[in-house]
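The values are calculated or read from the model by the stated rules, or taken from the named source; none is laboratory data. Just so we're clear, the structure is a prediction, and the values are computed from it rather than from any experiment. Here the Cβ is made from the backbone with ideal geometry for all residues, glycine too, and neighbour counts use every protein chain on show.
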């Protein structure tokens, strides 16, 4: 394996393993900032050693073991209280001994999910909402600062400052690394749901890189959502979120072609949709509705996804109902992105002119200035109205804005098709 191949492997392993690695370390050192630093140290060690020794058979376990040894070294160097240092060092060494031959065992806390503890710790009320979401995306989702910035449509320095301040605040407040209980659980649940869904979205439609999707992130978000549903079975929005993710995840196999190229919803082979995930999603949606949460933001989005799931062919989609659901969602959860999606639904239900009028009202929205889907949607609607030269310009702008290679190629293809339709080629 070449050095370049090894570095690509390390990057892939880090994307997959870093959340579990940081979560396992946070339980040991009881500080998410220190846990991330130890995980980064292990990553540096991998970058230094793997080109020489090769990629380990179990790279995640190698990273965890290396990070734990770094934790021991750090405690020996910096612990202020010798007795506490000895207790923590013996605890880590005992766990290392106990997990020989079973490296994943270290990742299980008494509740059974270090990752869930990490989510709730990062979402502690001592932090501002924006900081909770940004920190959890960084630690749990393994997302970079630029990726988080694009998810929030805010500048990168803003996100970087939120993350640094959040870790410092958690350390100074001595926030416990645990899943909250009782009344505290419900208070912190909304922020956690937001974070889990943002992680899912990054896996469902990657903001950057060469891959259209990152299925591992989708799977992790789904797992966390299902665990949350078990922890809070009477919370309708938990079931609404699970329903939404299950139904969206059902399309994974149909969302890309043999070479990884994107396939948009209307062009997908619906026979490839996972019917088990759809049934599970519809069941979760029904639970949310029975619990009185039919108009919760996640339940509304799940109901929209269910309209697509119930249509065996794209032509059978009930766009009028989807438009009505988006009308309600725009009232319950107003945002520029929801408004853009509402415009798409209205275009499908009532014609492209109706949709374009709604899109044009968003053109000067500051939070959508660098959002590639705004010109993409506008290009689609202009093309449907026969304004192909304008559509070409919009698709070119969308291609320039997206950081995802696959999506950029798709936008360039659509720009070329618009140029042919307008007679410019």
Going through (1) under 23 Å from residue 114 (Cβ atoms); (2) surrounded by fewer than 23 Cβ atoms within 10 Å (Cβ to Cβ) one by one, residue 141 fails only at (2)
When residues of region 242-269 are limited to those that are in contact with a helix residue (DSSP H, G or I) (Cβ under 6 Å, 6 or more places away or on another chain) and touching a residue at least 60 places away in the same chain (Cβ under 8 Å), the one farthest from residue 210 (Cα to Cα):
243
Need the failing condition index for residue 54 against (1) over 27 Å from the mean Cα position of the chain (by Cα); (2) surrounded by 19 or more Cβ atoms within 10 Å (Cβ to Cβ), just the number.
(2)
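Could you tell me which of the residues 381, 385 is free of Cβ contacts under 8 Å to residues at least 60 places away in the same chain, surrounded by fewer than 19 Cβ atoms within 10 Å (Cβ to Cβ) and either more than 22 Å from residue 334 (Cα to Cα) or touching a strand residue (DSSP E or B) at 6+ places or on another chain (Cβ under 6 Å) (or both)? Give the derivation first.
Numbers: 381 fails: surrounded by fewer than 19 Cβ atoms within 10 Å (Cβ to Cβ).
Just a single option satisfies the conditions, and that option is 385.
Looking at residue 134, is it modelled with pLDDT under 85 and crowded, with 19+ Cβ neighbours inside 10 Å?
The answer is no for residue 134.
Given the options 349, 303, 294, name the one that is in a helix (DSSP H, G or I), under 24 Å from residue 226 (Cα atoms) and in contact with a helix residue (DSSP H, G or I) (Cβ under 9 Å, 6 or more places away or on another chain).
Working: 349 fails: under 24 Å from residue 226 (Cα atoms); 294 fails: in a helix (DSSP H, G or I).
Just one listed residue meets the conditions, 303.
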